[in-house]
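**Q** Quick one: the structure is below, and I'll ask about it shortly.
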Amino acid sequence: MLGLLIIELNLMSKFWSHFVKDLDPYIPGEQPQGEIRLKLNTNENPYPPSPKVIEEIQNHGADRINLYPDPESNILRSTIARYHDVDISNVFVGNGSDEILAFIFYGFFKNKKNLLFPDITYSFYPVYAKLFDISYQQIALNDDFEIDLSLYHNKNAAVIFPNPNAPTGIPISGKKIESFVQENPLSIIVVDEAYVDFGTDSSVNLVKKYKNLLITRSMSKSRSLAGLRVGYAVGDASLIDGLIRIKNSFNSYPLDRIAQKASVTSFQEDSYFNETCKKIIDTRNSFTKALESLQFVVLPSGGNFIFAHPPSPLSANIIYSQLRDVGVLIRYFHKPEKLKNFLRITIGTDQQMDLFLDELKKIINH
Ligand SMILES: Cc1ncc(COP(=O)(O)O)c(C=O)c1O
């Protein structure tokens, strides 16, 4: 313990302000550099982007690379606008949806009296709140690990939650979200749809009706472009304008030329996109059944991952460690207490999930 404290103190620079010392950074899932047989820990897509996207990157990645990219990403924004049937003024793009979330916290949540989000959710939310010195309240999930929106009614609040939620994977119906947005016109409501394409209702079409709703989306999951770092937001033009003002006060060129071009191509490849999403949904459903036949409890998932706990006396932490020892990475959350016996497993290809099940059975039968 004392050793750890000394190492930590040694790592601190005397040039750090108290602000830096007090930060509590997000810890992303491991990105191992060495040999790993199966990587099911960060909800990446097991399929590559479409051949046309790869061709665009390989054949045109260097075109005019000596010049800065379009700071407003206009071609990409209008492509996304067409895709969602909104105006370009309703679309913002950023360096991963994480960057957009940071702008939202700073730009729209900073001065709100109440910022509400679930107690079990994307762990970057409390990190951003602390970074920007925003007080917040976490609302407990119900006993079935669901978000109960009736607990979020609050005048002049800011509310954010993912749909489906992470890491539980449980979706909320579009109908419930619409009623909630309609009943809380004075609150800004952000729905983080990072995983929505895997069978969850999207609320994107509601932004034309409700000025208090903002949707964030990621190209990292369903569009197989985690390595490119692209996310976007869709909402009322006044909200998008606020995000543009923040972007231009921080970094005018968050998306490079390659990211803009490859993302545009991705939106032109609808059938490839639908096909890979469907494959993942089918694999998720069969993998869920296979885990249930091993007596695991699997929460209903609308994402490209499942959240499950093993039957007692098996321990999630021990399974996680033993899988790691044989080169199989999944995600285990040491806190909070409620999650201690759960494992989060990204859905890969059918072959990958079969390999996973083989390794899991070896551990269970040992
Ligand atoms: C719920 C949720 N929102 C947003 C993100 C960020 O995605 P990205 O920055 O890759 O677009 C993640 C990433 O894992 C996530 O789980």
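The values are calculated or read from the model by the stated rules, or taken from the named source; none is laboratory data. Bear in mind that the values here come from a model prediction, so they are computed numbers and not experimental data. Using ideal geometry, Cβ is built from the backbone for each residue, glycine included, and neighbour counts are taken over all protein chains shown. Remember, those area values only see protein heavy atoms, side chains included, never the ligands or the DNA or RNA. Shrake-Rupley method; radii C 1.70, N 1.55, O 1.52, S 1.80 Å.
**Q** Given H placed on each backbone N at 1.01 Å, which residues far from residue 192 in sequence or on other chains put an amide H within less than 5 Å of it?
**A** Those lying under 5 Å, H to H, from residue 192 are 161, 163, 216.
**Q** Within segment 331-352, name every residue whose backbone N is under 16 Å away from a label modeled 7 Å from Cα of residue 362 along the Cβ vector.
**A** From segment 331-352, the list is 352.
**Q** When a/c is below 1.5 the answer is rounded, else prolate if a/b is larger than b/c, else oblate, so apply that to the chain with a ≥ b ≥ c taken from the square roots of the Cα gyration tensor eigenvalues.
**A** Rounded.
**Q** Whenever you get a sec, compute what percent of the accessible area on the chain sits on carbon and sulfur atoms (1.4 Å probe).
**A** 53 percent
**Q** Pulled fully out, how much extra length does the chain show between residue 321 and residue 292, if you take 0.36 nm times their separation in residues and subtract their Cα-Cα distance?
**A** That pair, residue 321 and residue 292, stretches by 8.3 nm at full extension.
**Q** So, with +1 on the Cβ of K and R and -1 on the Cβ of D and E, and no other charges, what is the size of the charge dipole of segment 51-269 about its Cα centre, to the nearest 20 debye?
**A** 540 debye
**Q** Continuing with this model, one more query. Distance cut-off 19 Å, Cα to Cα: go down the list 39/221; 289/361; 175/209; 113/176; 130/221; 39/261 and report the pairs above it.
**A** Those over the limit are 113/176; 130/221; 39/261.
**Q** Using the Karplus curve 6.51 cos²θ - 1.76 cosθ + 1.60 with θ = phi - 60°, work out ³J(HN,Hα) for each residue of segment 355-361 in order, rounded to whole Hz, and write x for Gly and Pro.
**A** Each residue's phi maps through the Karplus curve to give 4, 4, 5, 4, 5, 5, 5 Hz.
**Q** Additional query: Considering the Cα trace of segment 221-329, what is its radius of gyration and what is Dmax, both in angstroms?
**A** Cα-based Rg and Dmax for segment 221-329 come out at 19.9, 54 Å.
**Q** Give the long-range amide H neighbours of residue 305: residues separated by 5 or more places, or on another chain, with amide H under 5 Å away, using H modelled in the peptide plane at 1.01 Å from N.
**A** It is 347, by chain and number.
**Q** Sorted by average packing, counted as other Cβ atoms within 10 angstrom per residue and highest first, what order do 232-242, 309-319 take?
**A** 232-242, 309-319
**Q** Next question, about the same structure. Starting at the first residue of segment 154-169, write each ³J(HN,Hα) from the Karplus equation 6.51 cos²θ - 1.76 cosθ + 1.60 with θ = phi - 60°, in whole Hz, x for Gly and Pro.
**A** After applying 6.51 cos²θ - 1.76 cosθ + 1.60, I find 6, 6, 6, 9, 10, 10, 9, 7, x, 10, x, 5, 10, x, 6, x Hz.
**Q** Sorted from largest down, give the three principal axis spans of the alpha carbons of segment 51-269, whole angstrom values.
**A** Largest first, segment 51-269 extends 51, 35, 30 Å along its Cα principal axes.
**Q** Follow-up question, since we're still on this one. Run the quick spin-label model on residue 13 and residue 123: label points 7 Å from Cα toward the beta carbon, then report their separation in nm to one decimal.
**A** For residue 13 paired with residue 123, the spin-label model returns 2.6 nm.
**Q** I've got another one for you. Can you give me the three principal axis dimensions of segment 13-164 from its C-alpha atoms, in Å, biggest first?
**A** 50, 44, 43
**Q** Give, rounded to the nearest 20 debye, the magnitude of the charge dipole that the chain has about its Cα centre when Lys and Arg contribute +1 at Cβ and Asp and Glu contribute -1 at Cβ.
**A** The calculation lands at about 520 debye.
**Q** With N residues in segment 200-266, what two-decimal value do you get for its Cα radius of gyration over 2.2 N^0.38 Å?
**A** Dividing the Cα Rg of segment 200-266 by 2.2 N^0.38 Å gives 1.22.
**Q** A further question follows. Measure out, as a whole number of angstrom, how far apart the alpha-carbon centroids of segment 193-250 and segment 23-78 sit.
**A** Rounded to whole Å, the Cα centres lie 17 Å apart.
**Q** Which residue, 194, 238, 120, has the largest displacement toward the positive end of the dipole of the chain when charges sit on each Cβ (Lys, Arg +1; Asp, Glu -1)?
**A** Final value for the positive-end residue is 238.
**Q** Compute the distance in nm between two label points, each set 7 Å from the Cα along the Cα-to-Cβ direction, one at residue 23 and one at residue 78.
**A** Placing both labels 7 Å along Cα→Cβ, they lie 3.8 nm apart.
**Q** Sticking with this structure for a sec: Based on the alpha-carbon gyration tensor of segment 81-164 and its eigenvalue square roots a ≥ b ≥ c, which shape applies: rounded if a/c is under 1.5, prolate if not and a/b is larger than b/c, or oblate?
**A** Prolate is the answer for segment 81-164, as a/c is 1.5 or above and a/b outweighs b/c.
**Q** In segment 89-141, which chymotrypsin sites (Phe, Trp or Tyr not before Pro) fall in coil by DSSP and have 14 or fewer other Cβ atoms within 10 Å?
**A** Listed in order of number, the matching sites are 132.
**Q** Taking only protein heavy atoms and a 1.4 Å probe, what accessible area per residue, in Å², does the chain have with all protein chains in place?
**A** Per-residue value: 50 Å².
**Q** Using the Karplus curve 6.51 cos²θ - 1.76 cosθ + 1.60 with θ = phi - 60°, work out ³J(HN,Hα) for each residue of segment 215-222 in order, rounded to whole Hz, and write x for Gly and Pro.
**A** Once rounded to whole Hz, the list reads 10, 10, 9, 10, 8, 7, 9, 5.
**Q** Okay, moving on. What size of dipole, in debye to the nearest 20, comes out for segment 98-219 about its Cα centre when the only charges are +1 on Lys and Arg C-beta atoms and -1 on Asp and Glu C-beta atoms?
**A** 640 debye
**Q** Next question. To the nearest 500 deg cm²/dmol, what mean residue ellipticity at 222 nm is calculated for the chain from DSSP H runs of n ≥ 4 alone, each contributing -39,500 (n - 2.57), summed and divided by the residues?
**A** -11000 deg cm²/dmol
**Q** Using a Gaussian network model of the chain whose springs link C-alpha atoms within less than 10 Å, name the residue from 231, 327, 348 with the highest mean-square fluctuation.
**A** 327
**Q** Which value in nm describes the separation of the simple spin-label points at residue 268 and residue 312, placed 7 Å from the Cα toward the beta carbon?
**A** 5.8 nm
**Q** If you count, for each residue, the other Cβ atoms within 10 Å and average over each peptide, how do 77-87, 12-22, 219-229, 43-53 line up from highest to lowest?
**A** 219-229, 43-53, 77-87, 12-22
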